[in-house]
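A.B. asks: Handing you this structure, nothing more for now.
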Amino acid sequence: MMLLNAKDVLYFSSLLGNRLTGSISGELANLRNLTSLHLSSNKFTGEIPEVFARLTSLKEFRISNNNFTGQILDFIFQNWTNLEQTYMEGSGLSGPIPSINATLENLEYIIISDLNGAETSFPQLFINARLPKLDRLMLRNCNLIGEIPASLGTFTTIKILDLSFNRLSGEIPESLSTLYNLDYLFLNRSNFTGSVPQWILNTKEKMDLSYNNFNDTGESSCQKSNTVNLFASIARVNNSGIVPCLRSQINCAAEPLHFVRINCGGGEITVNGITYEADNYQAGPSTFYQSTNWAFSSTGIFLSNNRPDDVLTLKSSILSSNGGDELYTDARVSPSSLTYYAFCLANATYNVSLHFAEIQFTNGETYSSLGKRMFDIYIQGERVKQDFNIIEAAGGAGLSRVQRFNANVTDGTLEIHFRWAGKGTTSIPERGIDGPLISGISIFNPVFKVGYKPSKKVDRISTAAMAGIVAGATFATLLIVGIFWWNCCYKLDDEISDVLLGDCCDEFQNGMELRKFSLVQIAKMTNNFNGEKLGEGGFGVVYKGYLKDLDTYVAVKQISKASKQGIKEYTSEVKIISRSRHKNLVKLIGQYHEKGELILIYELMANGSLDSHLFKGKTLLTWEVRFKIVQDLASALFYLHEEGDHCVLHRDIKASNIMLDSSFNAKLGDFGLARLVDHAKASQTTHLAGTMGYLAPECVSSGKASKESDVYSFGVVALEIACGRRSIEPKYEESQASLVAWVWNAYGSQRLPDVADPKLCMNFDAKQMECLLMVGLW
């Protein structure tokens, strides 16, 4: 309340990027001298208080990237006569935009985007308005309809005019040619008709007219002199087929394409035997670029930033060790809208894999970690992701994430569109780093077989064909005998195939993109399976291996052929870990499944499992390391339960399944018992699995597991880390054998500090220890 009492001295109030929630208090209206109010990049809700009309000294008003409701209030352009700049991008507010029929001598920026609600008739917007200093008029995706009024040409001070992503119609008025200060014009993604004016075709400024319904552009190409983007600016019949401006530029081969792979923002590379085409063209505000069988269109400018390019390249050291390969060291980023367009494709249902890694922000507690990038993803015109956040999806900055979709191609073309809708931060950690970012694109027809060509028809059966039929009959007889022999001698392989084909082969075909090793390669890694053993049990053996092409050591898990449970665990590992990307999950690098062999290859965790340190004396973990391990485990569990496309129930969280890398960062592994469930059913139950001592009592009695039972297991591990003893210790007397019961009794007797691991010799933060023990109990 001290802030509100300072009304005579407070001129500037910024709550930028504080992630604040709730509604805005009307008491701010008491700050009569307030000239700047920055509320952007928070989570504010509710309506803008009408009493804000009293803030008549206000010069700058920013409320972008929030969740406000209600309409834009009239007083913004009526009462605030001193207003100079207003930013309302992705604010949550609804239209219509109120008419500006006043004289606003100082207004320079009107920046509004992504309004909900009613349409606004553009001709009625600026009736009798006098705006002598208007520099930027940006009304992107504001549900504007109607024609652009000729009177807009009187605002000759405008340098940036952005009316994109609306439903404006009619012809572009000739009066806009009088905007002699104009540097950028964005009229893309609307419904303009007629001919493209000659003054636009002759301009040297950056203008974008892509995705419209013009009758004639005056150009045969999709770009005019590197200044005017005309891609898809002429209407297509039934909105299908190759866009007109490309038809004269390309000549599709007789055999259509079945795959396209692009290294967005980088040069040509080969990853796991797959080649990705180069995409390092230096784009600009209104750019169309055409490659062999694909093209891209990029639109927009980074406000308050002088960076001329949108090919974002950082050194590979920025990426986490879990981030993947060189595909993620480069990316293409666009200020507003980025569309990739593939053509000459075979008509089929394609697997689309979109590769992401946030390489502009950081992890940790640095200022750069506060940045948030959010954008929408469209495939074939349908929005498949809204407010997509790479860091949240991947589990951290510098980590890779592959989003996979199916796309139907019926006219030989496929369109992938990324659009910034005003969400996320625009000036944290610096200005002008918003907008969609993409590292790589893979488009693949899963039924396509390399080298396959359909046979030609013949009018009659030739002698050679007859011989083929006889040979085929003989082969069929041998095949029947072979199947009988296979069923008798290789029943185990059939069972494995049933599990894989039934449960996870769809995942393989849908672009899991796990590296598939041959048995020869794996034998070389492990010295013909005679190398160092990292572990052994009923499931099989884990060997230490060396992957030469990546110059790294790996863990090679060979599932026992005699283990029926091992088959199910293999399937679960492949289904779940291969689709999960998080810095605190053990990374699955590749796999092999043929002839009864089931082998998984993981990143090697140099410091082994947590239990080897806590209970077997491998090393004494300091308190700082222990507390960090709990935080890492909590981060992994939250990702599995809440942040993926499905909720993952691990069902076997215990110290031996928590692995430590060379820096003692914790990563959760062993997903053999894990199950995928819908988020809506996550608190319901699946069959019980796990290890005694880590199972919630209610789950043992009901025989069911749920999200809550995973959390219980996490709590037991937290107690083990704090106390330095196992969840069940038979050597102790009955009252102390159960760790949970022992700690609970100490809590009831107000002796909680007594249960701390004596090996720590009291070298720990008392408040953190108490906090960890309470988390473990509750």
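Nothing in this text is a laboratory measurement; each read-out follows from the coordinates by a stated rule. Predicted, not measured: the structure shown is a model, and the values here were computed from it. Please note: Cβ atoms are built from the backbone with ideal geometry, for glycine as well, and neighbour counts cover all protein chains shown.
A.B. asks: For the stretch 4-182, just the Cα atoms, rotate onto the principal axes and tell me the three extents in Å, largest first.
C.D. replies: Over the stretch 4-182, Cα extents along the principal axes are 53, 29, 23 Å.
A.B. asks: With 10 angstrom as the radius, rank ILE728, ILE97 by how many other C-beta atoms surround their C-beta, starting from the fewest.
C.D. replies: Going from least to most buried by this count: ILE728, ILE97.
A.B. asks: First select every other residue whose beta carbon is under 12 angstrom from the beta carbon of LEU760; then total the charges, Lys and Arg +1, Asp and Glu -1.
C.D. replies: -1
A.B. asks: So what are the ³J(HN,Hα) numbers for the stretch 741-757, from phi and the Karplus equation (6.51, -1.76, 1.60; θ = phi - 60°), rounded to whole Hz, Gly and Pro as x?
C.D. replies: Values, residue by residue: 5, 5, 5, 5, 5, 5, 5, x, 9, 6, 10, 4, x, 6, 8, 4, 4 Hz.
A.B. asks: If you don't mind, another one. Please state the Cα pair-distance histogram of the stretch 51-152 with 10 angstrom bins from zero: what percent is in each bin?
C.D. replies: Final binned percentages: 16, 51, 31, 2.
A.B. asks: Separate question: In what sequence do GLU603, GLU89, GLU729 fall when counting other Cβ within 10 Å, fewest first?
C.D. replies: So the residues, fewest neighbours to most, are GLU729, GLU603, GLU89.
A.B. asks: All other residues with a Cβ under 13 Å from the Cβ of PHE231 taken together, and with Lys, Arg as +1 and Asp, Glu as -1, what is their net charge?
C.D. replies: Counting the neighbours of PHE231, the net charge comes to +1.
A.B. asks: Highest first, please rank the peptides 392-402, 767-777, 54-64 by the mean number of other Cβ atoms sitting within 10 Å of their residues. Walk me through the numbers on the way to the answer.
C.D. replies: On the way: 392-402: 23.7, 767-777: 17.3, 54-64: 20.8.
Packing order, densest peptide first, comes out as 392-402, 54-64, 767-777.
A.B. asks: Work out the length of the dipole vector of the stretch 610-777 about its Cα centre, built from +1 on the beta-carbon of each Lys and Arg and -1 on the beta-carbon of each Asp and Glu, and round it to the nearest 20 debye. Don't skip to the end; give the middle numbers.
C.D. replies: Details: 17 positive and 21 negative charges, 62 e Å.
The calculated dipole for the stretch 610-777 is roughly 300 debye.
A.B. asks: So for the stretch 92-246, what are the equivalent ellipsoid semi-axes in whole Å, largest first, each being the square root of 5 times an eigenvalue of the Cα gyration tensor? All intermediate terms of the calculation are to be shown ahead of the outcome.
C.D. replies: Working: eigenvalues 141, 68, 30 Å².
For the stretch 92-246, the ellipsoid semi-axes come out as 27, 18, 12 Å.
A.B. asks: Still on this structure, I have one more. When averaged across all projection directions, what area in nm² does the alpha-carbon convex hull of the stretch 610-777 cover? Provide the component values of the computation, followed by the final result.
C.D. replies: Numbers: hull surface 40.2 nm².
With every direction weighted equally, the projected area is 10.1 nm².
A.B. asks: If you don't mind, there's one more thing I want to ask. Please report Rg (one decimal) and Dmax (integer) in Å for the Cα set of the stretch 588-629.
C.D. replies: When restricted to Cα atoms, the stretch 588-629 yields Rg and Dmax of 15.7, 48 Å.
A.B. asks: Which peptide among 645-651, 23-29, 748-754 comes first, and what is the full order, when sorted by highest mean count of other Cβ atoms within 10 Å?
C.D. replies: On the way: 645-651: 22.1, 23-29: 15.6, 748-754: 11.3.
By packing density, highest mean first, the sequence is 645-651, 23-29, 748-754.
A.B. asks: Could you please report the charge total around GLN521, scoring K, R as +1 and D, E as -1 over all other residues with beta-carbon less than 10 angstrom from its beta-carbon?
C.D. replies: +3
A.B. asks: FRET efficiency for SER749 and TYR378, Cβ-Cβ distance as r, R0 = 35 Å, nearest 0.05?
C.D. replies: Numbers: r = 61 Å, r/R0 = 1.73.
E(calc), rounded to 0.05, equals 0.05.
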